[in-house]
Amino acid sequence: MKKNILTLLISFFVLQVGCAQENTPMIETPETTNYTYEIVVDGVDIPWGMAFISSNELLVTEKSGILYHIKEGVKSEVSGLPEIYVRGQGGLLDVALHPDFSKNKIIYMTLGANTEGNNKGGNTAMYCGTLNGTQLSDIKLLYKAGPNSKKGQHWGSRIVFDKKGHLYFTIGDRGNRDVNPQDLSRDGGKVYRLNLDGSIPEDNPFVNKAGAKEAVFSYGHRNPQGMTVHPKTGEVWENEHGPRGGDEINIIKKGINYGWPKITYGINYSGTTITDKTAAPNMEQPFYYWVPSIGPSGMAFSTSNVYKGWKNNLFIGSLKFEYLERLVIKKNKVVKREKVLNKIGRVRNVVEGPDGYLYLGVEGKGIVKIVPRS
Amino acid sequence: MRILLVFYLVSLGFLSAKLTPQKTKAESIVAGAEIYQDFCLQCHLASGEGVSGVFPPLKNSDYLFENINSSIAGIKYGLKGEITVNDEVYDGIMVTQGLDDEEIADVMNYILNQWGNSSDLFINAQQVAAVPKSLIAQ
């Protein structure tokens, strides 16, 4: 009898844990909202990256390979870009301003490239260049992942800076999940860290490891397409696409293995299993994960007082369900999730502008500004 | 002399076959299946049924079968704006995937002969190369 009760208790526990996994807390869709939106830049099919020079001047990447400079609502194409290899999910991806941009006019870009001139596809590259008005010059290739691949998937990529003179960028597993993410001697499935001039920081975690790619900062990632720096802690936060289920938010730490594809909360698109493990020794658990997947792209914290009650909340675009997700975090836990601008379209990116407003890159629409109702 | 001539012609035949390898339709469909997995499946799904109102179906699609060259143009150059598929209006964006002409021919042969679809056509790279941008979403 005692044994039976124990079995019953255990099955209850297992059932509870099993049920508790589905994207808790449940996402809320508010019935009334005190905000609306306006389109500030239109005519950009896939506005992948966004970087503000000032409140009314910004750069926007169009995935097909165009960099737009927008000033006072006037949109012009920037000339002098490096050659861009467009295939599948690859093309012109993120853009970011050097922390001293106002003085040196340097910008950084990640993009699909075939710099080798071979017929073997492409891989993600990181470039910098000097921007004068709408002319880019002094282009430098700071990093080129290899080998090239004709696979269409998982190029990353986002760029952020810490306050210690480093830049971080991401590259996805390039559709080669069983080979790239867990192998430090190979590119792909990694977060990378460089000095602002493109050199390798001496204290990068794998500089003394034989055969390792020295630019690698963390590994075991699938396809990180969102990254931001926490406004208070200065930590690098990242989100990445899982397969079917298993999208993740991770706080990026030096030298850590985030587990893909050895551990995951997702399964194959076809419904078959990738691994039965969701946890393993020496592999980091995500800060948060989604089952089912939302298709997370850009990521930003709100730090301003523009929106009532949103300060310090985390915002992540959902490509799949076509909304912006607002996550309230208390004591290192997600305690509330809410849909913002439900059904707006595929949200590719979200950035907090210098004016404290949130700007979204929405596919087929362009750049959308969230405006509080007065 | 005659032997030499025969030898010459035969080796010429081998050489040209080597230089312009022609896939059979079955081989093209197999190659197209791999392209489909990589570039198309995420939206049009493994079943080819798409998502109603968002991503148009390829399975039993009237648009596909009635607009072969426009469908090629859509894959080749990207497709934007309204199209009607099986009486449902779609107004999304399919961006160009960067596939070469042969890959587009392969994936066309695959989708025209998968999920119960069936076509007598055998599309090749030359046909794809000849499709102009002006044919998008006629």
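Of the listed requirements (1) part of a loop (DSSP other than H, G, I, E, B); (2) within 15 Å of the chain's Cα centre (by Cα), residue A:238 misses just one: (1). Regarding the range A:132-145, can at least one residue be identified that is buried (at least 17 other Cβ atoms within 10 Å of the Cβ), more than 14 Å from every other protein chain (Cβ to nearest Cβ), of a type in the set (S, T, N, Q) and part of a strand (DSSP E or B)? No, every residue in the range A:132-145 fails to be buried (at least 17 other Cβ atoms within 10 Å of the Cβ), more than 14 Å from every other protein chain (Cβ to nearest Cβ), of a type in the set (S, T, N, Q) and part of a strand (DSSP E or B).
Restricting the range A:345-374 to residues that are more than 14 Å from chain B (Cβ to nearest Cβ) and not in a strand (DSSP E or B), the residue that is surrounded by the fewest Cβ atoms within 10 Å (Cβ to Cβ) is A:374. The residue list A:129, A:90 contains one member that is under 30 Å from residue B:76 (Cβ atoms) and either under 24 Å from the mean Cα position of the chain (by Cα) or within 14 Å of chain B (Cβ to nearest Cβ) (or both), which is A:90. Looking across the range A:267-283 at every residue that is away from chain B (no Cβ under 14 Å) and either among the small types (Gly, Ala, Ser) or crowded, with 18+ Cβ neighbours inside 10 Å (or both), the one that is nearest to residue B:39 (Cα to Cα) is identified as A:274. Do any residues in the range B:57-69 that are free of Cβ contacts under 8 Å to residues at least 40 places away in the same chain have Cβ atoms under 7 Å from those of residues that are crowded, with 19+ Cβ neighbours inside 10 Å and not β-branched (Val, Ile, Thr), where the two are at least six apart or on different chains, and which pairs are they? Close Cβ pairs (under 7 Å, with a partner that is crowded, with 19+ Cβ neighbours inside 10 Å and not β-branched (Val, Ile, Thr)) amount to B:57/B:48; B:57/B:50; B:63/B:56. The set of residues in the range A:93-126 that are within 14 Å of chain B (Cβ to nearest Cβ) and either touching a Phe, Trp or Tyr at 6+ places or on another chain (Cβ under 9 Å) or not basic (Lys, Arg) (or both) comprises A:93, A:111, A:112, A:113, A:114, A:119, A:121, A:122, A:123. Counting the residues of the range A:48-84 that are surrounded by 21 or more Cβ atoms within 10 Å (Cβ to Cβ) and either over 18 Å from residue A:367 (Cβ atoms) or within 12 Å of another protein chain (Cβ to nearest Cβ) (or both) gives 4. Of the strands (runs of 3 or more DSSP E) lying entirely inside the range A:154-224, those containing at least 1 residues that are surrounded by fewer than 21 Cβ atoms within 10 Å (Cβ to Cβ) and at pLDDT 95 or above span A:159-161, A:166-171, A:190-195. Screening the range A:246-274 for residues that are among the polar types (S, T, N, Q) and touching a strand residue (DSSP E or B) at 6+ places or on another chain (Cβ under 9 Å) and picking the one that is nearest to residue A:203 (Cα to Cα) gives A:257.
If you check residue A:317 against the conditions, is it within 14 Å of another protein chain (Cβ to nearest Cβ) and either polar (S, T, N, Q) or not in a loop (DSSP other than H, G, I, E, B) (or both)? So residue A:317 fails the test. Do we have residue A:298 as touching a residue at least 24 places away in the same chain (Cβ under 8 Å) and over 21 Å from residue A:159 (Cα atoms) here? Criteria not met by residue A:298. Those helices (runs of 4 or more DSSP H) of the range B:23-133 in which 1 or more residues are more than 14 Å from chain A (Cβ to nearest Cβ), exposed (fewer than 15 other Cβ atoms within 10 Å of the Cβ) and not aliphatic (A, V, I, L, M) occupy B:25-39, B:62-66, B:125-129.
The values are calculated or read from the model by the stated rules, or taken from the named source; none is laboratory data. Source: prediction; values computed, not measured. Every residue, glycine among them, receives a Cβ derived from its backbone with ideal geometry; neighbour counts consider all protein chains shown.
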